[in-house]
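The values are calculated or read from the model by the stated rules, or taken from the named source; none is laboratory data. As the structure is a prediction and not an experimental result, all values here were calculated from the model. Cβ placement follows ideal geometry from the backbone for every residue including glycine, while neighbour counts extend to all protein chains displayed.
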Amino acid sequence: TKSDVWSGRFSEPVDELVQRYTASVTFDKRMAAFDIQGSLAHAEMLCAQKIISTQDLADIMRGLKQISEEIANDSFDWQIALEDVHMNIERRLTDLIGDAGKRLHTGRSRNDQVATDIRLYMRSAIDDIDHLLHRLCESLLNLAEKHFDTILPGFTHMQVAQPVTFGHHLLAYAEMFNRDIERLRDCRKRVNRLPLGAAALAGTTFPIDRERVAKTLEFEEVCRNSLDAVSDRDFAIEFCADAALIMTHISRMSEELIIWMSPRVGFIDIADRFCTGSSIMPQKKNPDVPELARGKTGRVNGHLIGLLMLMKGQPLAYNKDNQEDKEPLFDTVDTVSDTLRIFADMVSAITVKPEMMRQAAFQGYATATDLADYLVKKGLPFRDAHEAVARAVRFCVEKGCDLSEMTLEQMREFSNLIESDVMEILTLEGSVKARDHIGGTAPLQVKNAIANMRERLGL
Ligand code: ARG
């Protein structure tokens, strides 16, 4: 029972419900490998500083190796009564090697131990997510390359605005995910600092060498204040903010994929293996993956707020509240990772329907701005050009035709500056090709942007 763990201080065993209530082993055992890694680094330093003997270190290494194996092959006996991953491992170690196991916790507290474990876990999760974001960008870039000159209507307010190239549209998402990578890498710097040595809150009386432990664990720095080291979780909040942005970008993209796949729009199809059917309607093929991703975004964004709320009222230093950081954090990592993994594959499995996109681009006078720009280049002030074209559009709306379907005479009714060279301006190709500068939608610029991003991402 738990009274074993706390020993002499307690006169009765901990209530069974309280035991379950306070235990975290069911979820924090996922950090076991990092806990062992941290313990090995700590023990190695204790030995180097002559705080424990070389024999103790050898025993600890042997014991922890066996425990790693037991955990890996699922024979480790996790016990709720031992509360968390740290005490489960420590107890097993002592069962295996005796007194040396009891010496491992010298100069250490679970407070700096758990903070170290979380940071090691998060550093590895960040590196995985970084890689997955690269894969997703690569899929987006490959699809963008195929459709560098495929034209579809661009929208503002969900109303047809101007023609854009599909490659350009996809690159907008690649830019967002590229910034997500930047943010994660920045966050990683603050994650990658060593709390060990802070002990419970004030440091330790033993002659420890924190720099040595930091080096062993490949931390870039040591946390500079012991109180802060054990109670700070802002690195986790920062990560969750980055994750919330990743999911928000995924969610916006999902929304578009869903709209594009609707038969009313029909711009794309998503491969069957990423869709599901209906139990009643035999004809259905639903874009469940983007819909779920949009839904899961709510969950991940909620975790960010959850962690902020968890921290806001905590006095220094460690409080048990902090144990509540793990489930939202783990769920965030799982959700983001799975989502990115699926999206990287799904984007590669999108079939584009250029003729549907093209048809849609002809609706809604997408080249009206081009006509206004044309008049400006002929000498008309922009506001007058805007008005002339607005009247031309109104004429077309009444006639039920496109701007490009007016005769030259009809056009000249609205401005006698219009000449026969206007026809090229009013085509979809002419419109996108004319936006020929860095960040513009012209097919050549899309090609440049793809090359530029490949270089930035090291692809
Ligand atoms: N399971 C605990 C956590 O997640 C470990 C630290 C416990 N420390 C303590 N003083 N109760 O935060």
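Just to be sure, is D84 within 16 Å of the ligand (Cβ to nearest atom), among the acidic types (D, E) and at pLDDT 95 or above? Walk me through it before giving the result.
Numbers: within 16 Å of the ligand (Cβ to nearest atom): yes; among the acidic types (D, E): yes; at pLDDT 95 or above: yes.
Answer is yes for this residue.
Please determine whether any residue of the range 162-180 is touching a Cys at 6+ places or on another chain (Cβ under 6 Å), surrounded by 15 or more Cβ atoms within 10 Å (Cβ to Cβ) and in contact (Cβ under 8 Å) with a residue 60 or more places away in the chain.
Of all residues in the range 162-180, those touching a Cys at 6+ places or on another chain (Cβ under 6 Å) come to 174, 177.
With the extra rule that they be surrounded by 15 or more Cβ atoms within 10 Å (Cβ to Cβ), the set shrinks to 174, 177.
Those left that are additionally in contact (Cβ under 8 Å) with a residue 60 or more places away in the chain: 174, 177.
Yes, because at least one residue in the range 162-180 is touching a Cys at 6+ places or on another chain (Cβ under 6 Å), surrounded by 15 or more Cβ atoms within 10 Å (Cβ to Cβ) and in contact (Cβ under 8 Å) with a residue 60 or more places away in the chain.
Go through (1) away from the ligand (no atom under 16 Å from the Cβ); (2) outside any loop (DSSP other than H, G, I, E, B); (3) aliphatic (A, V, I, L, M) for I36 and report which single condition fails.
The one condition I36 does not meet is (1).
For the range 42-50, state whether one or more residues are at positive phi and either surrounded by fewer than 16 Cβ atoms within 10 Å (Cβ to Cβ) or charged (D, E, K, R) (or both).
Residues of the range 42-50 at positive phi: 50.
Within this subset, residues satisfying the condition of being either surrounded by fewer than 16 Cβ atoms within 10 Å (Cβ to Cβ) or charged (D, E, K, R) (or both) are 50.
Looking for residues that are at positive phi and either surrounded by fewer than 16 Cβ atoms within 10 Å (Cβ to Cβ) or charged (D, E, K, R) (or both), one finds at least one in the range 42-50, hence yes.
If E405 meets every condition in (1) at negative phi; (2) modelled with pLDDT of 95 or more apart from one, which number is that one?
Tallying (1) at negative phi; (2) modelled with pLDDT of 95 or more, E405 fails exactly one: (2).
Which residues, counting only those in the range 103-158, are of a type in the set (D, E) and away from the ligand (no atom under 16 Å from the Cβ)?
Pass one, the range 103-158, residues of a type in the set (D, E): 112, 117, 127-128, 130, 138, 145, 149.
Answer for the range 103-158, where residues must be of a type in the set (D, E) and away from the ligand (no atom under 16 Å from the Cβ): D127, D128, D130, E138, E145, D149.
Could you tell me how many of the residues in the range 404-434 are closer than 17 Å to F148 by Cβ and free of Cβ contacts under 8 Å to residues at least 60 places away in the same chain? Reasoning before the result, please.
At the first step, the residues of the range 404-434 found to be closer than 17 Å to F148 by Cβ are 428-434.
If we keep only those that are free of Cβ contacts under 8 Å to residues at least 60 places away in the same chain as well, we get 433.
Here the count works out to 1.
Just checking, does the range 78-95 include any residue being crowded, with 22+ Cβ neighbours inside 10 Å and over 30 Å from F239 (Cα atoms)?
yes
If only one of D117, D77 is among the acidic types (D, E), over 30 Å from D345 (Cβ atoms) and within 22 Å of the chain's Cα centre (by Cα), which one is it? Please lay out each step first, then the result.
Working: D77 fails: within 22 Å of the chain's Cα centre (by Cα).
Selected residue: D117, the only one of D117, D77 that is among the acidic types (D, E), over 30 Å from D345 (Cβ atoms) and within 22 Å of the chain's Cα centre (by Cα).
If I filter the range 199-219 down to residues being part of a loop (DSSP other than H, G, I, E, B) and β-branched (V, I, T), which single residue comes out as farthest from S39 (Cα to Cα)?
Of the range 199-219, the ones part of a loop (DSSP other than H, G, I, E, B) are 199-209, 217-219.
Remaining after also requiring β-branched (V, I, T): 204-205, 208.
Numbers: T204: 16, T205: 19, I208: 14 Å.
Filtering the range 199-219 for residues that are part of a loop (DSSP other than H, G, I, E, B) and β-branched (V, I, T), the one farthest from S39 (Cα to Cα) comes out as T205.
Scan the range 198-207 for residues that are buried (at least 22 other Cβ atoms within 10 Å of the Cβ) and either closer than 11 Å to I126 by Cα or more than 16 Å from the ligand (Cβ to nearest atom) (or both) and jot them down. Show your work before the answer.
The initial filter retains those residues of the range 198-207 that are buried (at least 22 other Cβ atoms within 10 Å of the Cβ), namely 198-199.
Scanning the range 198-207 gives no hits.
Out of the residues in the range 51-77 that are under 30 Å from D15 (Cα atoms) and hydrophobic (A, V, I, L, M, F, W, C), state the one that is surrounded by the most Cβ atoms within 10 Å (Cβ to Cβ).
Of the residues in the range 51-77, the ones under 30 Å from D15 (Cα atoms) are 67, 70-71, 74-77.
From what is left, the residues that are hydrophobic (A, V, I, L, M, F, W, C) are 67, 71, 76.
Details: I67: 22, I71: 20, F76: 18.
By that ranking, first place goes to I67.
Can you say whether V393 is surrounded by 14 or more Cβ atoms within 10 Å (Cβ to Cβ), out of contact with any Cys (no Cβ under 7 Å at 6 or more places or on another chain) and of a type in the set (A, V, I, L, M, F, W, C), as far as the supplied structure shows?
Working: surrounded by 14 or more Cβ atoms within 10 Å (Cβ to Cβ): yes; out of contact with any Cys (no Cβ under 7 Å at 6 or more places or on another chain): yes; of a type in the set (A, V, I, L, M, F, W, C): yes.
Yes: the conditions hold for V393.
Name the one entry in E238, E256 that is part of a helix (DSSP H, G or I) and either farther than 18 Å from K326 by Cα or polar (S, T, N, Q) (or both).
Values: E238 fails: either farther than 18 Å from K326 by Cα or polar (S, T, N, Q) (or both).
Just one listed residue meets the conditions, E256.
Within the range 48-66, can you find the residues that are part of a helix (DSSP H, G or I) and either over 15 Å from K102 (Cβ atoms) or in the same structural domain as R212 (by TED's automatic domain parsing) (or both)? Show your work before the answer.
Kept after step one, since they are part of a helix (DSSP H, G or I), are these residues of the range 48-66: 48, 54-66.
Residues satisfying the conditions are A48, T54, A58, M61, R62, K65, Q66.
Which residue pairs have Cβ atoms closer than 8 Å, lie 6 or more positions apart in sequence or on different chains, and pair a first residue in the range 306-329 that is near the ligand (Cβ under 8 Å from one of its atoms) with a second residue that is in a loop (DSSP other than H, G, I, E, B)?
That search, which allows pairs on different chains as well, returns Y318/A200; Y318/L201; N322/R233; N322/Q314; Q323/S24; Q323/D84; D325/R233; K326/S24.
Please verify whether the range 341-361 includes one or more residues that are under 17 Å from the mean Cα position of the chain (by Cα), of a type in the set (V, I, T) and under 30 Å from S226 (Cα atoms). If you could, list the steps in order and put the result at the bottom.
Keep residues of the range 341-361 that are under 17 Å from the mean Cα position of the chain (by Cα), which gives 341-347.
Next cut, of a type in the set (V, I, T) only: 342, 347.
From the residues that got through so far, the ones that are under 30 Å from S226 (Cα atoms) too are none.
Within the range 341-361 (the criterion being under 17 Å from the mean Cα position of the chain (by Cα), of a type in the set (V, I, T) and under 30 Å from S226 (Cα atoms)), the answer is no, since none of the residues qualifies.
Every residue in the range 263-289 that is free of Cβ contacts under 8 Å to residues at least 40 places away in the same chain and touching a strand residue (DSSP E or B) at 6+ places or on another chain (Cβ under 9 Å), please.
If we filter the range 263-289 for residues that are free of Cβ contacts under 8 Å to residues at least 40 places away in the same chain, which is where we start, we get 263-264, 272, 275-288.
C275, T276, G277, S278, K284, K285, N286, P287, D288, listed by residue number.
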